[in-house]
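As structure tokens, the structure follows; a few thoughts come after it.
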Amino acid sequence: MRLPTVRSNPFDPPPQLREYREQEPVRRLVYPDGHVGWLVTGYELSCSVLADRRFSARSEFKRVPVPRPGADPFIGQPALPGWMVDMDAPEHTRFRRLLSGHFGARRMTLLRPAAERVFAACLDTMEEQGPPADLVEAFALPAPSLVICELLGVPYADREQFQRNSTTLFSLQASAAEGEAAMRELTAYLLRLIERKRSVPADDLLSALVASGRLSHDELAGLSVLLLTAGHETVASMLGLGAFVLLCRPDQLAAFRADDGLVVDAVEELLRYLTIFQFGVPRTPLVDVELDGRLIRAGESVTVSLPAANRDPDRFDRPDELDIRRPRKSHLAFGHGIHRCIGQHLARLELEVGYAALFQRFPDLHLTVRPEEVPMFDDMGFYGAHHLPVAW
């Protein structure tokens, strides 16, 4: 069995994942290179794998569950310097501790006024230019790019270069040569920027990391590439897709607009319901592990399907319904365990500020095309809308 990737609805994962979760939540999966590993689709089982230190995140053991030529130079190889997502403890712990204070809830509280200014400015421009507009181009992409640039200390004027290369790194269509070139260009760009921070430090994260003296030159560059690429692409997709689904659910949008206190619950529900990391999280056991009565041998690849886990009825009542009033329960949109996304508080901040500002500014916001005419992309590691035509 290969991983299903075809959706029957733009907001739902492939329907076969539900069948797999109900019938055999730990089942064999054939990877593109012919390796026979495993697919995990249940919520509790997914948590077990992601919290178990016997399952490694190291890139030299990883296999991707769908063809992704652009990742071939990196998958199956030791982690690039600074790429903490491809490391286990204690290497991962060293980077995590260095960053934790910069991405914690307290730091995000201090960042909120700046984020509100960024989102308001994007909406000002959108309003001044008048309808119609592409909500992705005018709002969902530029706003998180501006926020991560301000946090890191990256010039927003350079966005065309880093957005182009970032898209290549996440693409399923890019060739191995294109993936290598994108990584090389991004690394060279960040190395130049880091050198400027050494000479002229500022009040930003890159300057703070340089001043810490705890990372090598290559680690600084690699970690900066990771933070920059992951820090805007995924939030941009989530902003656009969340706005799309709310515009298609008038009852949910009306409830959101009627109660300012629902914004936090709405964001958590949208994160659970949409789960834009569409193919899941790879892990590899370092020793033989028994999971749900199945013996997973050391070295066999395991893919944890976050979209399937976040629709598990054993965890969430009516999981296939969007309900922004749903009693809050922890979901797996940001992963679980020691590799849970370090940028989760930043993403939540941007989504809370972004959705609230958007629907307050434009109470009559609506799609200008039928929902089925909105162009979606599924050729990336995450999922979203290419364009979102709207008016008000």
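Write out, first by first residue and then by second, each pair whose Cβ atoms fall under 7 Å of each other, whose residues are 6+ apart or on separate chains, and whose first residue, in segment 336-347, is under 16 Å from residue 95 (Cα atoms) while the second is outside any helix (DSSP H, G or I) and at pLDDT below 95.
343/231
Does segment 43-53 include one or more residues that are outside any helix (DSSP H, G or I) and buried (at least 19 other Cβ atoms within 10 Å of the Cβ)?
No, segment 43-53 has no match at all.
Under 6 Å between Cβ atoms, which residue pairs at least 6 apart in sequence (or on different chains) link something in segment 183-197 that is free of Cβ contacts under 8 Å to residues at least 40 places away in the same chain and acidic (Asp, Glu) with a partner that is assigned to a helix (DSSP H, G or I) and surrounded by 15 or more Cβ atoms within 10 Å (Cβ to Cβ)?
Taking only residues 6 or more apart or on different chains, the pairs are 185/165.
Before we move on, is residue 150 closer than 25 Å to residue 192 by Cα, surrounded by 14 or more Cβ atoms within 10 Å (Cβ to Cβ), of a type in the set (D, E, K, R) and touching a residue at least 40 places away in the same chain (Cβ under 8 Å)? Can you show your working first?
Working: closer than 25 Å to residue 192 by Cα: yes; surrounded by 14 or more Cβ atoms within 10 Å (Cβ to Cβ): yes; of a type in the set (D, E, K, R): yes; touching a residue at least 40 places away in the same chain (Cβ under 8 Å): yes.
Yes: the conditions hold for residue 150.
Regarding residue 297, is this residue of a type in the set (Lys, Arg), in contact with a helix residue (DSSP H, G or I) (Cβ under 7 Å, 6 or more places away or on another chain) and touching a residue at least 12 places away in the same chain (Cβ under 8 Å)?
On the way: of a type in the set (Lys, Arg): yes; in contact with a helix residue (DSSP H, G or I) (Cβ under 7 Å, 6 or more places away or on another chain): no; touching a residue at least 12 places away in the same chain (Cβ under 8 Å): yes.
No.
Any idea how many residues of segment 84-102 are out of contact with any helix residue (DSSP H, G or I) (no Cβ under 6 Å at 6 or more places or on another chain) and surrounded by 13 or more Cβ atoms within 10 Å (Cβ to Cβ)? Write out each step before concluding.
Initially, segment 84-102 is screened for residues out of contact with any helix residue (DSSP H, G or I) (no Cβ under 6 Å at 6 or more places or on another chain), giving 85, 87-91, 93-94, 96-101.
From what's left, surrounded by 13 or more Cβ atoms within 10 Å (Cβ to Cβ): 85, 87-88, 91, 93-94, 96, 98-99.
Of the residues in that region, 9 qualify.
Tally time: how many residues in segment 54-109 are more than 30 Å from residue 352 (Cα to Cα), part of a helix (DSSP H, G or I) and of a type in the set (A, V, I, L, M, F, W, C)?
The qualifying residues number 2.
Considering only residues that are in a loop (DSSP other than H, G, I, E, B) and either over 20 Å from the mean Cα position of the chain (by Cα) or β-branched (Val, Ile, Thr) (or both), which ones fall in segment 112-144? So that I can check it myself, show each step before the final result.
As a first pass, look at segment 112-144 and keep what is in a loop (DSSP other than H, G, I, E, B): 130-132, 141.
Correct list: 130, 131, 132.
The values are calculated or read from the model by the stated rules, or taken from the named source; none is laboratory data. The shown structure was predicted, so the numbers you read here are calculated from the model rather than taken from an experiment. Using ideal geometry, Cβ is built from the backbone for each residue, glycine included, and neighbour counts are taken over all protein chains shown.
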